[in-house]
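Following: one structure in structure tokens, then a few remarks.
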Amino acid sequence: EIDLSTLVPDFPATATAALINITVVNTDGRGFATVFNGDTDDADRPNTSNINWDVATGVIANSATVRANSEGVIKVYCSQATDLIVDVQGYIA
């Protein structure tokens, strides 16, 4: 879970979504990351990916718009070990 209010101190409580850029570095094999709403149970996460990688790709980034829950929380699932960088570019309120 990522609490957007800790990443962005001015992230408003009225925000319904975040515009983010996710970057994976130090990847381990092939994998993917899925970004989803903080209210969604982990077992119910979407069957899609926002970013895919292979050990040969090195550093890779992608943007996403993700719905935040009422506390400003989003979730990220990574299928393999990686370092993940999340940049919040903006929000929808």
Output row, site N69, 7 Å Cα→C-beta label point, backbone N cut-off 14 Å, window region 25-39, residues 36-39
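Sort 21-32, 41-52 for me by packing, meaning the mean count of neighbouring Cβ atoms within 10 Å per residue, highest on top. Mind dumping the intermediate values first?
Numbers: 21-32: 15.4, 41-52: 12.0.
Most protected by this proxy first, the peptides run 21-32, 41-52.
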List the residues whose amide H sits under 5 Å from the amide H of A17, counting only those 5 or more places along or on another chain, with H placed 1.01 Å from N in the peptide plane. A68, I92
Computed over the chain, the distribution of all Cα-Cα distances in 10 Å bins, rounded to whole %, is 17, 49, 28, 5, 0
Per residue, in Å², the accessible surface of the chain once ligands and nucleic acids are set aside, probe 1.4 Å: 57
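Return the carbon/sulfur percentage of the accessible area of the chain, one whole number, probe 1.4 Å, all protein chains in place. Please list the in-between numbers first.
Details: 2420 of 5290 Å².
Carbon and sulfur atoms account for 46 percent of the accessible area of the chain.
The values are calculated or read from the model by the stated rules, or taken from the named source; none is laboratory data. Fair warning: this is a prediction, and the values are worked out from it, not measured in the lab. Neighbour counts are summed over all protein chains in view; Cβ atoms, including those assigned to glycine, are modelled from backbone coordinates with ideal geometry. Keep in mind that these areas ignore ligands, DNA and RNA; they rest on the heavy atoms of the full protein, side chains included. Shrake-Rupley method; radii C 1.70, N 1.55, O 1.52, S 1.80 Å.
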